[in-house]
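This report concerns only the one structure given below.
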Amino acid sequence: MRKLIAATIVGLLASSAVLFAQDTEPTVSPTITAGMRDAMRVTSVRYEFRQAVPQTAPPETKPWIERHPVWFGLIAGASAGAAWGALSCHDGCFPIGPGGAAMVGSWFGAGPGALIGWAVGRAK
């Protein structure tokens, strides 16, 4: 790694010296071109850039419920809470109606459902 860094620094310094030398002198010094050749030889021989082969991830074998127990618990708890809220509103629920009662019930069911899903996921 040190040789690569040194070769890069030499190459940068040599190229800037060549650029500035062209403004004042029409010829390039042979030591600068020799330094550039050495830098190119060191980097091309020692450190070849290889193209990395992309590795594909193995396919998931577990079902979604086992991979995401908290999300499943949250969805199941919210669904149960919404059903309970809508069914408990049999006499009309004047200010919010059955839809509002289902929404509030889903809020109350989502937390315990996620907590149960987390506990089941930790138990495995």
Query raised in the report: Taking only pairs six or more apart or across chains, which ones have beta-carbon atoms under 8 Å, a first residue in the stretch 90-113 that is under 13 Å from residue 77 (Cβ atoms) and assigned to a helix (DSSP H, G or I), and a second residue that is of a type in the set (Ser, Thr, Tyr) and at pLDDT below 95?
Result: 105/88
Query - Checklist (1) part of a helix (DSSP H, G or I); (2) hydrophobic (A, V, I, L, M, F, W, C); (3) modelled with pLDDT of 75 or more applied to residue 57, failing item - result: (1)
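The values are calculated or read from the model by the stated rules, or taken from the named source; none is laboratory data. What you are looking at is a predicted structure, and each value in this text was computed from that prediction instead of being measured. Ideal geometry is used to build each Cβ from the backbone, glycine not excepted, and the neighbour counts take in all protein chains shown.
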